[in-house]
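To keep things clear, I will list the structure first and then write my remarks on it.
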Amino acid sequence: MRLCVIWCVVKVALENCVACNDRGDWLTVSGVVRVANVAFDKQLAILYSVDGWTTPGREVEASYLPGSNDGTTDRFAFVLEPPPRETTVAGARLEFAVAYTAGGKTYWDNNAGSNYGVDCRATGPVPATTPVATQ
């Protein structure tokens, strides 16, 4: 199937995503989203939650990547930086979905209804084990 045929059906897709905590305890999730060139004016937002959507999620606007238009699609970049207190707890999960609005319609990429997710795990040194004395 030709790529342009795919974009006639799928209007928005997460292209890549990277999660890191290279700033200490501060989790950063960055990624790139590809969208069908439906209209000139476009808005792309990432909606995310760290509590399983029990409270309203947060929204971050993605930025157009200059020079990314290939005639059929455009690319947008985003960075999510939730407060450290929300992601430093082992077992915390950051979930997100992509909302793309163009031509008066909103299209979603929510990983086929499962949302995209980053599981947070404890980091730090592995506790030393106590040597067992032998006789």
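The values are calculated or read from the model by the stated rules, or taken from the named source; none is laboratory data. Nothing here was measured: the structure is a model prediction, and the numbers come from that model. Glycine gets a Cβ as well: all are built from the backbone with ideal geometry, and neighbour counts include every protein chain shown.
Some points to look at:
- Selection from the range 44-79 of residues that are small (G, A, S) and on the phi < 0 side of the Ramachandran plot: A45, S49, G57, A62, S63, S68, A77
- Residues in the range 16-29 that are surrounded by 14 or more Cβ atoms within 10 Å (Cβ to Cβ) and either in contact with a strand residue (DSSP E or B) (Cβ under 7 Å, 6 or more places away or on another chain) or among the β-branched types (V, I, T) (or both): C17, A19, N21, L27, T28, V29.
- Failed criterion for V32 (all others in (1) buried (at least 18 other Cβ atoms within 10 Å of the Cβ); (2) closer than 27 Å to G104 by Cα; (3) under 15 Å from the mean Cα position of the chain (by Cα) hold): (1)
- Top-ranked residue of the range 54-73 - restricted to ones that are within 15 Å of the chain's Cα centre (by Cα) and assigned to a loop (DSSP other than H, G, I, E, B), ranked as modelled with the highest pLDDT: A62
- The residues of the range 65-95 that are touching a helix residue (DSSP H, G or I) at 6+ places or on another chain (Cβ under 8 Å) and more than 25 Å from G113 (Cα to Cα) amount to a single one, T72.
- Residue in the range 47-56 that is under 17 Å from V12 (Cα atoms) and touching a strand residue (DSSP E or B) at 6+ places or on another chain (Cβ under 9 Å) present: yes
- One residue alone among T28, T106 is closer than 29 Å to K11 by Cβ, modelled with pLDDT of 90 or more and in a strand (DSSP E or B), and that residue is T106.
- Pair list, Cβ < 9 Å and 6+ apart or interchain, from the range 80-103 residues that are at positive phi to residues that are part of a strand (DSSP E or B) and surrounded by fewer than 20 Cβ atoms within 10 Å (Cβ to Cβ): G91/D119; G103/K42
- Candidates A90, A112 - the one that is surrounded by fewer than 14 Cβ atoms within 10 Å (Cβ to Cβ), farther than 24 Å from C20 by Cβ and among the aliphatic types (A, V, I, L, M): A112
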